[in-house]
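Reading through the structure tokens given below for one structure.
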Amino acid sequence: MNIQEMAQDIPAEGEHAIEGVDFITSGDQYLTFLLAQEQYAVDILCVEEIRSWEQPTKIPNAPSYIKGVINMRGIIVPIVDLRLKFSIGQASYLETTVVIVLTYQSEESTRTIGFVVDAVSDVLNVDNTDIKPAPAFGGCVGQQYIDGLINSEQKVVTILNVNHLQKVEKHSLHS
Amino acid sequence: MTKVLVVDDSNSIRDMVSFTLKSAGYQTVEAKDGLDGLSKAKSSNFDLVISDVNMPNMDGISLCTELRKLGDFKFTPILMLTTESSTDMKMRGKSAGATGWLVKPFNPEKLLATIKRVVK
Amino acid sequence: MSIDLSQFIPSFLEESFEGLELMESGLLDLQRGDNETIHSIFRAAHSIKGGAGTFGFDNVTEFTHLVETLLDEMRDGRREVSSKDTEILLDSVDCMRLLIEAARDDEEYDQDKVEQTSKRLAETLGDEQTSADESRSKTDVEANNVCGYTINFIPEHSLAKTGNDPIFLFSALAELGQLTLSADTQDLPALKDIDAQELYLSWQLTLYTEADEAEIIEIFEWVEDECLLELVPIKAPSTTSANTSSTESPSSPSSTLTNNEQQTEPDSSQKSTQDIEQPPKAELVIDSTAEDNNITSKTKTKTKTKDKGKAEVGSIRVGVDKVDSLINLVGELVITQSMLSELGNDFEMEKVERLTSGLEQLLQNTKELQESVMRIRMLPISFAFNRFPRLVHDLAIKTGKEMELVIKGEQTELDKTVMEQIGDPLVHLVRNAADHGIELGDVRVANGKPRKGTISLDAYHQGGNIVIEINDDGAGINRETVLAKAVEKGLIEANAILTDSQVYDLLFEPGFSTAAEVTDISGRGVGMDVVKRNIQSLGGRIQVKSTLGKGSSFKVHLPLTLAILDGQLVKVGTETYIIPLIAIVESLQIDNKLINRVSGDMVLYRLRDDNVPILPIYQLFNLATECTEIDKALLVVVEADGQKIGLMVDDLLAQQQVVIKSLKDNYQQVAGISGATILGDGSVAMILDIPGIIHMALEQAQQAQRVKTDGNSSVTAEVCL
């Protein structure tokens, strides 16, 4: 699945909406995905590509949640298994297992890292005022990774902070 | 369109002069020293020549002398770019057939204003 | 019109630094009466001055002006070239560099140094300089009640031959105010006598303007020798309005303007009056100058911010021939590609031969393209070498020793990145040679050597590498002194027996310095250990040879480029790794008889006279492999830091060139890995960092040692690694 194609499917304002999907082009859009049964989301502008799982090349002596590196059009991209990273569910690699490649541009650098998730589910339109702070206790996902929660129908979606996801990958290795 | 030959061994000055002239609607051809300038002058017609004085291979004064020998450049305005505003330099330019001189440093505005004295 | 000058500044800076290098090398070679060199030095200074003025680096212009004046005197033969002047000029080059760098980085510079040098320059130039300063204000502000001029302009008949055309002068005048003119045709000869190339007219012009005499004369500047020019001020009538204008003077141009306009009508009583152009209002002129100032100040600030961003990018100047060859190759590639895609459109088996040849062509194209692209990054090593003549020159003065520098192989090409990073280590090695190697003149003579010492720099290609040699014919390295020092520093045991090369390696140990006292030349806190580390980080190595009393030789081996390396692909478990060929000594099937186990589980392999420690990669990287038996595995013997080590791998695969990709971009540096590459099948393979692996193994061994020999004293550690 190519994010470019997904984006093309999104009608511009004034055009008819795709059946069953409510697009508000003026709000922020998030890509939601599954880790076990839980819903998570990242800012869609950071999503570079969604790829199917392929066995990466191992990085010697790396922590277990860093699966290795892959070649994405000539760029060496590290692959992090978010399920292992957050200890959510089983890290199994099936046909539906996908890798969401996220690019985050900070002032000093641009970093591209792929994250293994169980499945990609939807594109969500969110008004910033609908984002609620996450409760400050419990959970295997550290507070620094969470931007907030949103309600989507019956479910709660956790919005992850891409910058932090990538930053911590960098530092956690020195142990 | 008014066509100008810009001769200077310094990339930055040449670029600057050329860019300034282009943005004012002139057409420019660049040459990196007198010899280069002379060969470009022989292959095309120009309405104005702007040349540095101190250059390797062939200096601006010699270029000027050579150009005046060419039929097509008998009346073409030739301006010398110079930092030496001494009369000595000016006389040497004059006797070689230069039309006038532009004293460095100059800014784009001054350049455009000045060349109006010799071309449209 | 606003033109952003800052876009030309990077190229001006680059040019200036090149110019400074040219000046410096020229000055070092400067002989008396060597006019060509003086000319080129002068030209470089002149260009810098001109550019600096144009782009607003006034302090550079000011300083360079002094330098230029001195050089001009030399150029004209008014001044003899003396070594004293050359020294001052060399210092001036330093100052110019300082000023330009400060301008580039928008930082402070060493003002004392610049001031001192400019004082010395001024002193050298003597009184001439003070008088040489141009007196700009030719004309004082004229009496205020002048409201215009009558201009008599009688050009010589040959005026047109200088390329000047009066019509343009008149339109320039018209920009200053309101202009009326009349032509005088009395000199015009009869039609048959007219020479089309001559100018027979003269003019009388009347210009009502705010501008002063100097501005008008400036317009005629280029023709003043070919014409008769008379300027007669027109006094404004002493009406009340004129008086107010004079008292308010420059601040209220509008009132004078109205005054002018009123004046225009009655005065237009000429015979053949013609209005050249509707004159633009004086106000406008003033406004536009004000705008000018704004623009310049704006561009200045812009420049600063922009430059900061650009400083890191770096640029490379590529010869047009290299670019042309690239374009040609790309052209060929496009042809091959279209041929192949056409072939693919309706492919049949009988076309397979054409496919094979097409693919071969593609391979050839790609290879040539790769080589051409690499060549763009290759620069002659003279870029790194050209600072050394000056360095040795300065070192000779500082140390009081006589020495000369011989440079060979300066056209040898090297990757730009490698070049940039090898500069400092080379400087250190040359300093070292001058400081510790070359002896004082008297000592040399006493030892039967020529009084003048020689330091030579040589660069050449060897295999896929470049070798840079730094040789001196000095005292050589005294083995005993080094040993004594190493013992004193606790680097070795007092009774240790070391080979010559092991002794020389001690020089690169952190904190080792043989100089009896730290001089300000080589003892700058940067030791030889840093030199070695820098060279290693470039994937290179350094060798030392020395003969006591005869001299020393430092050989630096470097890869030609950091972007591509020749590698040996090896298999460990499911993973493929790449070992740089440069590091490989040999690869062999393990012979069980030659394996020796010492001190517990240290495994040594007897390779002729050497005992090489065996390091299983699967252990080092925690990989699962079935091939854990030493005698079934293959051994790749690699060397770094003069230490050989046997890497145990499952299998040897192909040898091939690989493009190095950084792991740091999206990840981080990994111990034992220098980078990654993409193999033919699109998969990623890690490139082994041999010095890093040896370091890792050493640490692991030491850790194991500590655990095991807790309480026991052991001497085997040094023997192993």
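The values are calculated or read from the model by the stated rules, or taken from the named source; none is laboratory data. Quantities reported herein were computed from a predicted structural model and do not represent experimental measurements. Note: ideal-geometry Cβ built from the backbone for every residue, glycine included; neighbour counts use all protein chains shown.
Considering C:PHE168, C:PHE153, the condition of being buried (at least 17 other Cβ atoms within 10 Å of the Cβ), in contact with a strand residue (DSSP E or B) (Cβ under 7 Å, 6 or more places away or on another chain) and either β-branched (Val, Ile, Thr) or in the same structural domain as C:GLU213 (by TED's automatic domain parsing) (or both) is satisfied by C:PHE153 alone. Just so you know, in the range C:29-43 the residues that are touching a helix residue (DSSP H, G or I) at 6+ places or on another chain (Cβ under 8 Å) and within 8 Å of chain B (Cβ to nearest Cβ) include one that is surrounded by the most Cβ atoms within 10 Å (Cβ to Cβ), and it is C:PHE42. Screening C:GLY642, C:GLY682 for residues that are among the small types (Gly, Ala, Ser), loosely packed, with under 15 Cβ neighbours inside 10 Å and not assigned by TED's automatic domain parsing to the domain that holds C:ASP500 leaves exactly one candidate, C:GLY682. Assessment of the range C:650-664 against the conditions (among the polar types (S, T, N, Q), touching a strand residue (DSSP E or B) at 6+ places or on another chain (Cβ under 6 Å) and part of a strand (DSSP E or B)) yields at least one matching residue.
Among the residues of the range C:592-630, those that are in contact (Cβ under 8 Å) with a residue 12 or more places away in the chain, under 30 Å from A:GLY68 (Cα atoms), outside any loop (DSSP other than H, G, I, E, B) and not hydroxyl-bearing (Ser, Thr, Tyr) comprise C:PRO613, C:ILE614, C:LEU615, C:PRO616, C:ILE617, C:LEU620, C:ILE630.
Which residues, taken from the range A:67-88, are within 14 Å of chain C (Cβ to nearest Cβ) and more than 16 Å from A:GLN166 (Cα to Cα)? Once the filter is applied, which keeps residues that are within 14 Å of chain C (Cβ to nearest Cβ) and more than 16 Å from A:GLN166 (Cα to Cα), the range A:67-88 yields A:ILE70, A:ASN71, A:MET72, A:ARG73, A:GLY74, A:ILE75. Screening the candidates C:GLY26, C:GLY53 for the property of being at the interface with another protein chain (Cβ under 9 Å from one of its Cβ atoms) and out of contact with any His (no Cβ under 6 Å at 6 or more places or on another chain) yields one hit, C:GLY53. In the range C:16-31, the count of residues that are outside the structural domain of C:ASP394 (by TED's automatic domain parsing), outside any helix (DSSP H, G or I) and touching a Ser or Thr at 6+ places or on another chain (Cβ under 9 Å) is one or more. Looking only at the range A:133-168, count how many residues are touching a strand residue (DSSP E or B) at 6+ places or on another chain (Cβ under 9 Å) and either over 16 Å from A:ARG83 (Cα atoms) or not small (Gly, Ala, Ser) (or both). Qualifying residue count, the range A:133-168: 25. Determine whether the range A:73-83 contains at least one residue that is out of contact with any His (no Cβ under 9 Å at 6 or more places or on another chain), modelled with pLDDT of 85 or more and among the acidic types (Asp, Glu). Taking every residue of the range A:73-83 in turn, at least one turns out to be out of contact with any His (no Cβ under 9 Å at 6 or more places or on another chain), modelled with pLDDT of 85 or more and among the acidic types (Asp, Glu). A count restricted to the range C:659-678 and to residues that are buried (at least 21 other Cβ atoms within 10 Å of the Cβ) and either more than 10 Å from chain A (Cβ to nearest Cβ) or of a type in the set (S, T, N, Q) (or both) stands at 3.
Please indicate, with yes or no, whether at least one residue in the range A:130-143 is assigned to a helix (DSSP H, G or I) and over 17 Å from the mean Cα position of the chain (by Cα).
Within the range A:130-143 (the criterion being assigned to a helix (DSSP H, G or I) and over 17 Å from the mean Cα position of the chain (by Cα)), the answer is yes, since at least one residue qualifies.
Name the residues in the range C:641-692 that are of a type in the set (D, E, K, R) and under 32 Å from the mean Cα position of the chain (by Cα), would you? Matches in the range C:641-692: C:ASP641, C:LYS661, C:LYS664, C:ASP665, C:ASP689. Screening C:GLU80, C:GLU18 for residues that are more than 8 Å from every other protein chain (Cβ to nearest Cβ), surrounded by fewer than 24 Cβ atoms within 10 Å (Cβ to Cβ), of a type in the set (Asp, Glu) and closer than 29 Å to C:ALA384 by Cα leaves exactly one candidate, C:GLU18. Of the residues in the range A:105-125, at least one is in contact with a Gly (Cβ under 7 Å, 6 or more places away or on another chain) and not in a loop (DSSP other than H, G, I, E, B). Does the range A:32-54 contain at least one residue that is part of a loop (DSSP other than H, G, I, E, B), in contact with a Cys (Cβ under 6 Å, 6 or more places away or on another chain) and away from chain C (no Cβ under 14 Å)? Looking through the range A:32-54, none of the residues is part of a loop (DSSP other than H, G, I, E, B), in contact with a Cys (Cβ under 6 Å, 6 or more places away or on another chain) and away from chain C (no Cβ under 14 Å). Which residues, taken from the range C:447-495, are outside any strand (DSSP E or B) and under 27 Å from C:ALA583 (Cβ atoms)? If the condition is that a residue be outside any strand (DSSP E or B) and under 27 Å from C:ALA583 (Cβ atoms), then C:GLY463, C:GLY464, C:ILE477, C:VAL482, C:ALA486, C:LEU491, C:ILE492 are the ones that fit. If you go through the range B:74-103 and keep only what is under 20 Å from B:SER12 (Cα atoms) and within 13 Å of the chain's Cα centre (by Cα), you end up with B:LEU79, B:MET80, B:LEU81, B:THR82, B:TRP101, B:LEU102, B:VAL103.
None of A:ASP118, A:ASP122 is farther than 14 Å from A:CYS46 by Cα, crowded, with 18+ Cβ neighbours inside 10 Å and of a type outside the set (Val, Ile, Thr) except A:ASP118. Checking each residue in the range C:414-439 for being free of Cβ contacts under 8 Å to residues at least 60 places away in the same chain and either assigned to a helix (DSSP H, G or I) or over 17 Å from C:ASN471 (Cα atoms) (or both) picks out C:MET419, C:GLU420, C:GLY423, C:VAL427, C:VAL430. Look at the range C:150-165: where a residue is at the interface with another protein chain (Cβ under 7 Å from one of its Cβ atoms) and in contact (Cβ under 8 Å) with a residue 24 or more places away in the chain and a partner is β-branched (Val, Ile, Thr) and part of a strand (DSSP E or B), sitting 6+ places away or on another chain with Cβ atoms under 9 Å, you get C:THR162/B:ILE78.
Only one of the numbered conditions (1) outside any helix (DSSP H, G or I); (2) of a type outside the set (Ser, Thr, Tyr); (3) more than 27 Å from C:LEU538 (Cβ to Cβ) is violated by C:ARG444, and that is (1). On inspection, C:ALA52 does not qualify as in a helix (DSSP H, G or I), closer than 25 Å to C:HIS393 by Cα and either within 21 Å of the chain's Cα centre (by Cα) or charged (D, E, K, R) (or both).
Filter the range B:17-35 down to the residues that are over 12 Å from the mean Cα position of the chain (by Cα) and more than 13 Å from chain C (Cβ to nearest Cβ) and list them by number. Result: B:GLN27, B:LEU35. Of the helices (runs of 4 or more DSSP H) lying entirely inside the range C:176-271, those containing at least 2 residues that are surrounded by fewer than 19 Cβ atoms within 10 Å (Cβ to Cβ), at pLDDT below 75 and of a type in the set (Ser, Thr, Tyr) span C:240-248, C:253-267. Residues in the range C:44-52: is at least one modelled with pLDDT of 85 or more, crowded, with 24+ Cβ neighbours inside 10 Å and β-branched (Val, Ile, Thr)? Taking every residue of the range C:44-52 in turn, at least one turns out to be modelled with pLDDT of 85 or more, crowded, with 24+ Cβ neighbours inside 10 Å and β-branched (Val, Ile, Thr). For the range C:563-571, indicate whether the set of residues that are crowded, with 19+ Cβ neighbours inside 10 Å, polar (S, T, N, Q) and within 28 Å of the chain's Cα centre (by Cα) is non-empty. No: zero hits.
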